[in-house]
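The values are calculated or read from the model by the stated rules, or taken from the named source; none is laboratory data. No experiment lies behind these values; they were computed from the predicted model shown. With ideal geometry, Cβ positions are generated from the backbone for all residues, glycine too; neighbour counts draw on all protein chains shown. To get the accessible areas, we keep the full protein, side chains included, count just its heavy atoms, and leave off ligands, DNA and RNA. Shrake-Rupley method; radii C 1.70, N 1.55, O 1.52, S 1.80 Å.
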Amino acid sequence: MTHRARKPYIAGNWKMNLDRSRSLDLIKTVKGRLGDGGDREVAFFVPSIYLADVTAVAQGSPLGVGGQNCWFEANGAFTGEVAPRMLREVGADRVLVGHSERRHIFQEPDDWMGRKVRTALDSDLLPIYCIGETLDERKGNKTERVLKRQLESGFEKVLAVDAHRVTVAYEPVWAIGTGETATSEQVATAHRSIRKWIVQRLGEEAAGLIRILYGGSVKPDNAKELMSIDSVDGLLVGGASLQAETFLPIIEYDR
Ligand code: PGA
């Protein structure tokens, strides 16, 4: 299966940016431009507090809307956390799991990841499971080992039947928000080893359904080159997803 056998997936992660009115304006603009969505999947990952409003505006369009994080219990004494079923209830259809900022700033450990991915799936949310090495890990030649460890934890409870609902995002930590993009060769090598691991875990057929995105300083001027890498099925975009002027050209990377 070639990478274009999988529908390209362009996702914007707003992080803790924008405000309510700028969020809704951006959704309206992208929605207007997308039409029926056609040959690509586009989604925004939105601060939970704006999800209900954003999903209301996105309604009737193919735009996906997701949470940036979730907990792995349905309810209970977890002050400050959001359950996947709550994201679902306000209209989200997907969620990020294991974003590098969750892992590194908020110290989320590997052993939460499998449960988060599983609970997301069981709550009818499409997870994007984020992985990636730090600069020290890359310099120490540990990239492949780190990616394997992160895959082991995130896929702990993923079965072949879940594959069509799971996406992986490779985001080298040193490339996130730094303006420094990984080279095509670095991306291709990492994506190949991720896919190889998934094939070994879930089998060729199921693994072939899983998209692997690249993230880390994706901009309008590097989106086309990144998408031309055979093993890249889509992009996870932070800073450049905050404005229509920078996000639309990324969605339309091939036009
Ligand atoms: P960036 O963020 O595009 O601003 O580097 C990417 C991400 O964190 O998903």
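Only one entry of Leu235, Leu209, Leu213, Leu202 meets the criterion of being surrounded by 17 or more Cβ atoms within 10 Å (Cβ to Cβ) and touching a Ser or Thr at 6+ places or on another chain (Cβ under 8 Å), and that entry is Leu213. With respect to the conditions (1) more than 13 Å from Leu121 (Cβ to Cβ); (2) of a type in the set (Gly, Ala, Ser); (3) in contact (Cβ under 8 Å) with a residue 40 or more places away in the chain, Ala163 lacks only one, and its number is (1). Answer with yes or no whether Leu209 is aliphatic (A, V, I, L, M) and more than 16 Å from the ligand (Cβ to nearest atom). When the stated conditions are applied, Leu209 passes them.
Inside the range 219-232, can you point out the residues that are open to solvent by 40 Å² or more (accessible area, probe 1.4 Å) and either among the acidic types (Asp, Glu) or away from the ligand (no atom under 11 Å from the Cβ) (or both)? Once the filter is applied, which keeps residues that are open to solvent by 40 Å² or more (accessible area, probe 1.4 Å) and either among the acidic types (Asp, Glu) or away from the ligand (no atom under 11 Å from the Cβ) (or both), the range 219-232 yields Pro220, Asp221, Lys224, Glu225, Ser228, Asp230. Out of everything in the range 13-54 that is polar (S, T, N, Q) and open to solvent by less than 20 Å² (accessible area, probe 1.4 Å), what residue ends up being nearest to Leu96 (Cα to Cα)? Checked the range 13-54; the qualifying residue nearest to Leu96 (Cα to Cα) is Asn13.
Looking at the range 73-122, the helices (runs of 4 or more DSSP H) lying wholly inside it that each contain 2 or more residues that are within 16 Å of the ligand (Cβ to nearest atom) and under 21 Å from Glu156 (Cα atoms) sit at 100-104. The set of residues in the range 155-178 that are crowded, with 21+ Cβ neighbours inside 10 Å and either away from the ligand (no atom under 16 Å from the Cβ) or at positive phi (or both) comprises Phe155, Val158, Val166. Listed conditions (1) within 16 Å of the ligand (Cβ to nearest atom); (2) within 20 Å of Asp25 (Cα to Cα) are all met by Ala58, apart from (1).
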